[in-house]
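The values are calculated or read from the model by the stated rules, or taken from the named source; none is laboratory data. Model, not experiment: these values are computed from the prediction. Note that we place each Cβ from the backbone using ideal geometry, even for glycine, and neighbour counts take in every protein chain shown.
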Amino acid sequence: MISTVKSRMHEKAQESAPFEVLIAVIIMGFVLYIGFMVMSDMLNQDCKNRLRASIEKFRSELENVSELRSRSKLYFNPPSCYRNQRIKVVSTTDEVICASACDIATPACLFILFDSKDFVERFCLKTAVQVYFPTTLDNCPDRSSEGYTLIDLRDNMPIGHYDLVNETPPRQTFPIVCAYYKK
């Protein structure tokens, strides 16, 4: 009789073993899924932080050049975290957007826009809204011999070397910033 009880217990243990293994595999799958989601979120947040730091540095340099009539050379290399990302200077007369970007309701503002399908952020430029970024050599000296070309920051800000120069003539009301670029 004892051997039959042991035999039945042994059979039940063998019958439940596959079920216990299946439960363990399902639980392990959930643990791995959650782990990968956390890792993905951490990498995404790290990339956003590096992107913000890169754009903030460019923003600060552009403000200094515009307001202090100075010059700044920098290498702009924002990380490529998102597909179809675009960075450019934007001006708007929408008070809601200005309040969102610059934390102050103003009738017009200027900001650097980062735009992609997954993420959008605005970085307020605390400078005159009417900053002019010439794309012709009328207001800016030719620097093609040094490998630089003039670009309009309102169109696009690609990765590369920048030389930002304030070429505002005396008694001019609004800043003229020549944005020279080379790869």
Original post:
So which residues in the range 118-141 are assigned to a loop (DSSP other than H, G, I, E, B), under 15 Å from Leu62 (Cβ atoms) and touching a Leu at 6+ places or on another chain (Cβ under 6 Å)?
Top reply: Val129, Phe133
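Scanning the range 81-93 for residues that are touching a residue at least 24 places away in the same chain (Cβ under 8 Å) and closer than 22 Å to Ile151 by Cα, which turns out farthest from the chain's Cα centre (by Cα)? I'd like the intermediate steps shown before the answer.
Step one: filter the range 81-93 for residues touching a residue at least 24 places away in the same chain (Cβ under 8 Å), giving 81-91.
Going one step further and asking which of them are closer than 22 Å to Ile151 by Cα, we end up with 84-91.
Numbers: Asn84: 12, Gln85: 8, Arg86: 9, Ile87: 8, Lys88: 11, Val89: 13, Val90: 15, Ser91: 18 Å.
Among those residues, the one meeting the criterion is Ser91.
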Subject >> Within the range 120-140, considering residues that are of a type in the set (D, E, K, R) and out of contact with any Ser or Thr (no Cβ under 8 Å at 6 or more places or on another chain), the one surrounded by the fewest Cβ atoms within 10 Å (Cβ to Cβ) >> reply: Asp138
Subject >> Subset of the range 41-84 [closer than 24 Å to Pro134 by Cα, out of contact with any Leu (no Cβ under 7 Å at 6 or more places or on another chain), part of a loop (DSSP other than H, G, I, E, B) and not small (Gly, Ala, Ser)] >> reply: Arg69, Asn77
Subject >> Odd one out for Glu15 among (1) modelled with pLDDT under 90; (2) under 25 Å from Arg86 (Cα atoms) >> reply: (2)
**OP:** Six or more apart or on different chains, Cβ under 7 Å: which pairs go from a residue in the range 48-72 that's touching a residue at least 40 places away in the same chain (Cβ under 8 Å) and within 13 Å of Ala179 (Cβ to Cβ) to one that's acidic (Asp, Glu) and assigned to a helix (DSSP H, G or I)? Could you list them?
**Re:** Ser72/Glu61
**OP:** Could you list all residues from the range 61-104 that are of a type in the set (Ser, Thr, Tyr), out of contact with any strand residue (DSSP E or B) (no Cβ under 6 Å at 6 or more places or on another chain), exposed (fewer than 15 other Cβ atoms within 10 Å of the Cβ) and closer than 22 Å to Cys47 by Cβ?
**Re:** Ser80
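For (1) touching a residue at least 24 places away in the same chain (Cβ under 8 Å); (2) surrounded by 13 or more Cβ atoms within 10 Å (Cβ to Cβ); (3) under 20 Å from Ser54 (Cβ atoms), each residue gets a yes or a no:
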residue	(1), (2), (3)
Asp118	yes, no, yes
Asp142	no, no, no
Leu150	yes, yes, no
Arg171	no, no, no
